[in-house]
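**Student:** Can you read through this structure? Questions will come right after.
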């Protein structure tokens, strides 16, 4: 086993005014894209004048990410490479990792998904040690995007889930809206359009608190795709109008990935031929020579739709057949399904039953493959959605506090603002009710239902990475005697006190649950059984010293509390979740047999 390297500290030789500006520009890239660019330009000018390499690196990093969204990948890579050189000169490891993440994202935008994954995946271990919360999320999201483009939805969802776990709703600077967008994209690629629409709506709602037209534009394009594929293109027309109102520069949706071809398909299927023709012309002008296969396929389908609308179905077929996508070209399953469905439909219109059936069978094969991938990814998607509920609840609580403060300052509000506030309060309550379903009311810890949801994902992650996952089962000693002697009220207070103690002792990555009765379960990712046992022994020491205060003037205080615990990890019980829990449970029984008040580690 390779020894873990010591954490690498950020080496910043003083915090200059230029560096403060550059760091602020970096933090504002999601909540206020225009302000972010303006600050980055100011910081770069100051850094170059003063020879301030750290500030230059962060300013170029912010500019590079902005160009990635609003200019072209090639321009962005030039700026990101310059940032990387600054970071390497100053030994700023965090900045160098982020520059590499940006370059990987540019490769992905150019349709080079394998190259992107090869760039960003090796950064994972180092990045999780040196990056901040939202920056870790950006790295993990970059890995997820590469896996998505390669058709591995299960891995994409797993990394999105981890990105959410690393992203605090109080400090993610709008990054959660990006994750809503990416989750929706992955869902509609698998054909789950209704679920995708739900997350798109949440992302658009989140954009109301951000000044990021590019992110809003991507969410709107995603909704156009979903509504068109669901056979509801007329409902997409307001989004198309909204998108076309955004300028193709840094104040709007940007010049790259304008998705005119996507909007053209929706417009033509909604019967808006003139709008569709105009969008196709814009798509031809916008698409570069090295456009990715997805864009070329969608443009071909749009042009075929236009020819059919003009009465030239035979010309539409000929056009599509010239654009036949090859499997190694990289178009997604959705794009290929779109292509073959359009071709089959046109042949049917022309009365070519045999050709229509042939293409329909290809479409059917691709559709089955999409369903199979969706099935494989369903568990990871469910875990991700559970985490989204947690993030959304915390964020809604933050928004509710902010709204309360705003209401205190503004004595008069319009009826529309009052109604909007009520809607948000209802949404916050719904999120809280969903969260309560995963919490034990007495102790405040997660309940067994939540344990059953998260343990499979953590177990699968440990097996995939080859790292340990420790499980500790804790059984409070002689708890029945407490109930018999002091009453069930005292027993409940004792359980609640232990739950509070356990919650204070766990790391952010740990999962503490009430397992049932006086039993508790603690999941510790990236921790082997011995390290976990040391942590549980420290908890036992604190529990021994704990004294439950008397309930009222005449009530007795309760002290001398102990527990018996068993610890196992995926290295001692690697076969299944059931084997892992049984190993921990057997160790609890052994602790009791040896006299209780101890922690026993599985010795398999």
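**Student:** Kindly provide log₁₀ I(q)/I(0) values, in the same order as q = 0.11 Å⁻¹, from the Debye equation applied to equal alpha-carbon scatterers of the stretch 245-325.
**Tutor:** Calculated log10 I(q)/I(0) at the listed q: -0.28.
**Student:** If r is the Cβ-Cβ distance from residue 314 to residue 114 and R0 is 45 Å, what FRET efficiency results, to the nearest 0.05?
**Tutor:** The value I calculate is 0.70.
**Student:** Can you tell me the convex hull volume per residue for the stretch 89-201, based on C-alpha atoms, in Å³ to the nearest whole number?
**Tutor:** Given the Cα convex hull of the stretch 89-201, per-residue volume reads 101 Å³.
**Student:** Kindly give Rg over Rh for the stretch 85-152, based on alpha-carbon atoms, with the Kirkwood expression for the hydrodynamic radius.
**Tutor:** Dividing the radius of gyration by the Kirkwood radius yields 0.98.
**Student:** For the stretch 168-256, what does the relative contact order come out to in percent, with C-alpha contacts under 8 Å and a separation of six or more? Don't jump to the answer; show the numbers that get you there.
**Tutor:** Values: 86 pairs, mean separation 21.2, N = 89.
Computed over the stretch 168-256, the figure is 24 percent.
**Student:** Another question about this same structure. If the viscosity is 0.692 mPa s and the temperature 37 °C, what Stokes-Einstein diffusion coefficient in µm²/s follows for the stretch 454-601 when Rh is the Kirkwood radius over Cα pairs?
**Tutor:** Answer from the Stokes-Einstein relation: 208 µm²/s.
**Student:** If R0 is 30 Å, what FRET efficiency do you get for residue 449 and residue 575 from their C-beta distance, rounded to 0.05? Kindly include the intermediate steps, with their values, before the conclusion.
**Tutor:** Working: r = 24 Å, r/R0 = 0.80.
Calculated value: 0.80.
**Student:** Please report, for the Cα atoms of the stretch 39-135, the Rg to one decimal and the Dmax as a whole number; what are they, in angstrom?
**Tutor:** Every Cα atom of the stretch 39-135 included, Rg and Dmax give 13.1, 40 Å.
**Student:** Just check the stretch 168-256 against the gyration tensor rule for me: Cα atoms, a ≥ b ≥ c as the square roots of the eigenvalues, rounded for a/c under 1.5, and otherwise prolate or oblate depending on whether a/b exceeds b/c.
**Tutor:** Values: a/c = 2.09, a/b = 1.14, b/c = 1.83.
Cα axes put the stretch 168-256 in the oblate bin.
We did not get these values from a lab; they are worked out from the coordinates using the rules stated. Given the structure is predicted, the values throughout are model-derived calculations rather than measurements. Neighbour counts run over all protein chains shown; Cβ positions are idealised from the backbone, glycine included.
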